[in-house]
Every structure is written in C-alpha cells, then in structure tokens.
Amino acid sequence: MSKYLIISAMALLAVACSPQELPQTGDLDAANWRYATDPHGSTATYEGELVQHGIARIEFQRVARVDAQNNSWVELIYDLPEGRLQDEPQIELSYQSSTDLVIKLSQREYGELGDQSYAHYQAVVSATDDWQQVRLSRADFQRPDWTPATSTDQGIVPAHVNAIYLVPDLTDDKGGAARLSVRSVRLLP
C-alpha cells in the first residue's frame, strides 16, 4: 500500500468524523476519582468504570431539596494525589458539562471535621458541549453567598484542601439532570 493511499484514507476518515466522534483520551488516574450523592434519591450513572481511557464521564440526577434540614447534592470528586494543594495553586481543568460547573476546594475547616457549613471556597465555570480548558487561580475562588454567619472565614489553607469537588450547578428548589466529563486536571505552581 502506498503512502499516498494511506494519507488519503486518513484524510477521508478525518473528514467523515466530526471532532466529537474521534477517539478522545485523557490523563486521569482512576484511583483519584469518585462521586457522591445524597441519601434522598439523587443518583449518579456511568457506563463501565467511572474513568475510562483517562476520562471521567458521569450523569447526575439531583432531587429537589427535601426540607430545611435535608438538602440534596451530587458531586464528582478528585482526591488530590498528594493530599493537599500547592501554596499558590492554579488549577487547569479540561471538561464538558451540560450545566454550569461549580468547582469547590474541599477544606477541612468548612467540612465535616470543621464547622460543618460546607461553605467551601468555590468558582463557577460555564456549561459547554465542547471540550473547554480553564485555568483558575486562588483569586478566582470565593465562599458562597449562602455561607452562614457562624462559619468563620479562615481563607484558603492549601495544606488543608484534600479534594476538588466538581458540582453541576443545579438548584436546591428544582434539582435537575446534568452530564459531566473531565479529561484532565493539573495543579500548577
């Protein structure tokens, strides 16, 4: 087979397939990825393994808030391999999401071992059907508007951030559905 025939066949394949149909791989280590849903009926579904070919793909169905004491939630969780952020972290994320995506820095001062407010520092990135890459610095993260007055702001303490939570921006009142794919997360100095 001549090299011209091979090149022609490759060009035809590239024209015949849209970018969404071409095989895509990522660089995620499955050991660092998990998800969580509330005990009130929200669900997470995925085919096969959560991370396949280096890409995490998941669909969530979040139920509406049950009552004042019982909120619903869905989260795709990246456990930091070193168990902490760098001192001046930048986070580079390559993702697709059917809804805006809340990126939370899970820090012990605000979680189960802290004040239990779960008012972690967070940033929001836009929904996108195509692969989008964003880079976020420490200044891009703020505590949410609903942070209770009883939760003392201790700032971002990188040594106390052990995970990054990727949360579809679905409302407490209505819940909803979301599709999320992640193919890379990089922590940069």
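Listed residues GLN96, GLN122, GLN116; which is polar (S, T, N, Q), in a strand (DSSP E or B) and either more than 23 Å from ASP27 (Cβ to Cβ) or open to solvent by 40 Å² or more (accessible area, probe 1.4 Å) (or both)?
On the way: GLN96 fails: either more than 23 Å from ASP27 (Cβ to Cβ) or open to solvent by 40 Å² or more (accessible area, probe 1.4 Å) (or both); GLN116 fails: in a strand (DSSP E or B).
Exactly one residue qualifies, and that residue is GLN122.
Identify, please: which residue in the range 81-93 is buried (at least 18 other Cβ atoms within 10 Å of the Cβ) and modelled with pLDDT under 95 and is, among those, nearest to LEU136 (Cα to Cα)? Steps first, please.
At the first step, the residues of the range 81-93 found to be buried (at least 18 other Cβ atoms within 10 Å of the Cβ) are 85, 89, 91, 93.
If we keep only those that are modelled with pLDDT under 95 too, we end up with 85, 89.
Details: LEU85: 13, PRO89: 8 Å.
This residue is PRO89.
Exactly one of these conditions fails for GLN52: (1) touching a residue at least 24 places away in the same chain (Cβ under 8 Å); (2) surrounded by 15 or more Cβ atoms within 10 Å (Cβ to Cβ). Give me its number.
(1)
Does any residue in the range 127-148 that is on the phi < 0 side of the Ramachandran plot come within less than 7 Å, Cβ to Cβ, of a residue that is loosely packed, with under 14 Cβ neighbours inside 10 Å six or more places away or on a different chain, and which pairs are these?
That search, which allows pairs on different chains as well, returns GLN133/GLU92; ARG135/GLU92; ARG138/GLU88; ARG143/ASP153.
PHE60 is checked against (1) closer than 21 Å to LEU101 by Cα; (2) out of contact with any Pro (no Cβ under 8 Å at 6 or more places or on another chain); (3) modelled with pLDDT of 95 or more and fails just one. What number does that condition carry?
Against the list (1) closer than 21 Å to LEU101 by Cα; (2) out of contact with any Pro (no Cβ under 8 Å at 6 or more places or on another chain); (3) modelled with pLDDT of 95 or more, PHE60 comes up short only on (2).
On the basis of being loosely packed, with under 14 Cβ neighbours inside 10 Å, assigned to a strand (DSSP E or B) and either modelled with pLDDT of 95 or more or not hydrophobic (A, V, I, L, M, F, W, C) (or both), does GLN133 make the cut? Give the derivation first.
Values: loosely packed, with under 14 Cβ neighbours inside 10 Å: yes; assigned to a strand (DSSP E or B): yes; either modelled with pLDDT of 95 or more or not hydrophobic (A, V, I, L, M, F, W, C) (or both): yes.
The answer is yes for GLN133.
If you go through the range 171-185, how many residues are at negative phi and modelled with pLDDT of 95 or more?
Within the range 171-185, the first condition is being at negative phi, and the residues that meet it are 171-174, 177-185.
Narrowing the set further to residues that are modelled with pLDDT of 95 or more leaves 177-185.
Residues in the range 171-185 being at negative phi and modelled with pLDDT of 95 or more: 9 in total.
The values are calculated or read from the model by the stated rules, or taken from the named source; none is laboratory data. Computed from a predicted structure; not experimentally measured. Neighbour counts run over all protein chains shown; Cβ positions are idealised from the backbone, glycine included. Surface accessibility is based on the protein's heavy atoms, side chains included, excluding ligands, DNA and RNA. Shrake-Rupley method; radii C 1.70, N 1.55, O 1.52, S 1.80 Å.
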